[in-house]
Each structure stands twice: as structure tokens, then as C-alpha cells.
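Working notes, structure below.
The values are calculated or read from the model by the stated rules, or taken from the named source; none is laboratory data. Predicted model only: the values in this text are computed from it and were never measured. All Cβ positions, glycine included, derive from the backbone under ideal geometry; neighbour counts span all protein chains shown. Ligands, DNA and RNA are excluded from the accessible area calculation, which covers all protein heavy atoms including side chains. Shrake-Rupley method; radii C 1.70, N 1.55, O 1.52, S 1.80 Å.
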Amino acid sequence: LSGVTDILGADIPEAAEAAGNMIKSGLAANAEQAFDTIVKGYQAGADRSGDFLDTLREYSSMFQSLGLDGPAAIGLVTQAMEAGARSSDLAADGLKEFSIRAQDMSATSVAAFKAVGLDAEDMASRIAKGGPAAREALGMTLDALRAIEDPIARNAAGVALFGTQWED
């Protein structure tokens, strides 16, 4: 553990708590896998704002509810940061907003799913199931958003489904 924290420049209790949350939530099978994932996240730039371990401590159970494992969660966070998100917390919060909005069946969410060509009731059901169904729904939604050529329409649907974090 101290070797990992030396590499990361992080405090041992902070890194241990993040790894522990990853194990408890099912993002990692064991400590070795958790720390390997954390190191890969650091190497990919997920700690650019100095909040990566905090993000893992706060959002591990939410990542798991979306059917993500550690590498997939870190991959989405780093992709969001490469696309302009200023921190891993902001990227993870966008995923949290999606998990809420995808299930709320509000007029805004229903219209956004319709705008991207997806059925809101089906997506809400998949997200509520969690696991592979939720992961597939998230992937379908991201693919549908990427397929919208009009940037204004894509942004409007993205904000409706991921909150203002989409803009960031």
C-alpha cells in the first residue's frame, strides 16, 4: 500500500478508503485489483484536479448501480475529463445525475430520450434493474447522443439527461 501511495503522492488512509469502497461496492474484487485500477486512473489523468480518490470514495456505489466495474467507471470519468470536464468529481456527478434523471420519467427526461431515439420507459426500467441492463442503457444513451449531428440538439438532450455537468 505504501508503494502505491508513494507513486500516487496520496495519503495511505485516503487511498485505503477509496480501495475499500471499490471492493465493498463490487468495482474491484480485491485490494490488488482496486489499487491497480486506482493507479491506472492516475496514469490516465483522472486526478488532474486532485479529487480522484474522493470521487472513488463518494461514487463507487453509484458506479456499481450503473453496472460499471472499476475500469469502466474510470474509463468514463477520464473520457469526460478529456472532453472538458474539469474534475473527476464533476464527471462522476454527471453519471449520478443520469442515473436519477433516466428513472424519474419527468417530461424533460422523456423528451430527451425521445430526441435521441430511445424509449424512456425502457431506459428507466433498465437503469432501475442495475447491473448489465443499466450498463447497456447507459451505453445506448451515450451512443445515441454521439450520433446526433446537430451540436445544439445533442447538447440539449445531454443536459436534459446528465444535468449541467454535460456542458462542463
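In what sequence, largest accessible area first, do GLU97, GLU82 appear using a 1.4 Å probe? Mind dumping the intermediate values first?
Details: GLU97 40, GLU82 140 Å².
So, going from the largest accessible area down, we get GLU82, GLU97.
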Candidates for Cα Rg over 2.2 N^0.38 Å are (i) 0.97; (ii) 1.40; (iii) 1.05, and the calculated one carries label (iii)
For the range 30-168, what is the charge dipole size about the Cα centre, in debye to the nearest 20, if Lys and Arg each add +1 at the Cβ and Asp and Glu each add -1 at the Cβ? 140 debye
Just from its helices, what would the mean residue ellipticity at 222 nm be for the chain, if runs of 4 or more DSSP H residues each count -39500 (n - 2.57) and the sum is divided by every residue, rounded to the nearest 500 deg cm²/dmol? -23500 deg cm²/dmol
Using a 1.4 Å probe on the protein chains only, how many percent of the accessible area of the chain belongs to carbon and sulfur? 50 percent
Please calculate how many Å² of accessible area the chain carries per residue, with a 1.4 Å probe and no DNA, RNA or ligand atoms counted. 48 Å²
Sequence-separation-based contact order of the chain, relative, with Cα cut under 8 Å and 6+ spacing, percent: 20 percent
Between 0 and 90 degrees, rounded to the nearest ten: what's the tilt of helix 131-147 against the longest Cα principal axis of the chain? 60 degrees
Using a 1.4 angstrom probe and counting only protein chains, how large is the accessible area of ILE152 in Å², to 10? 130 Å²
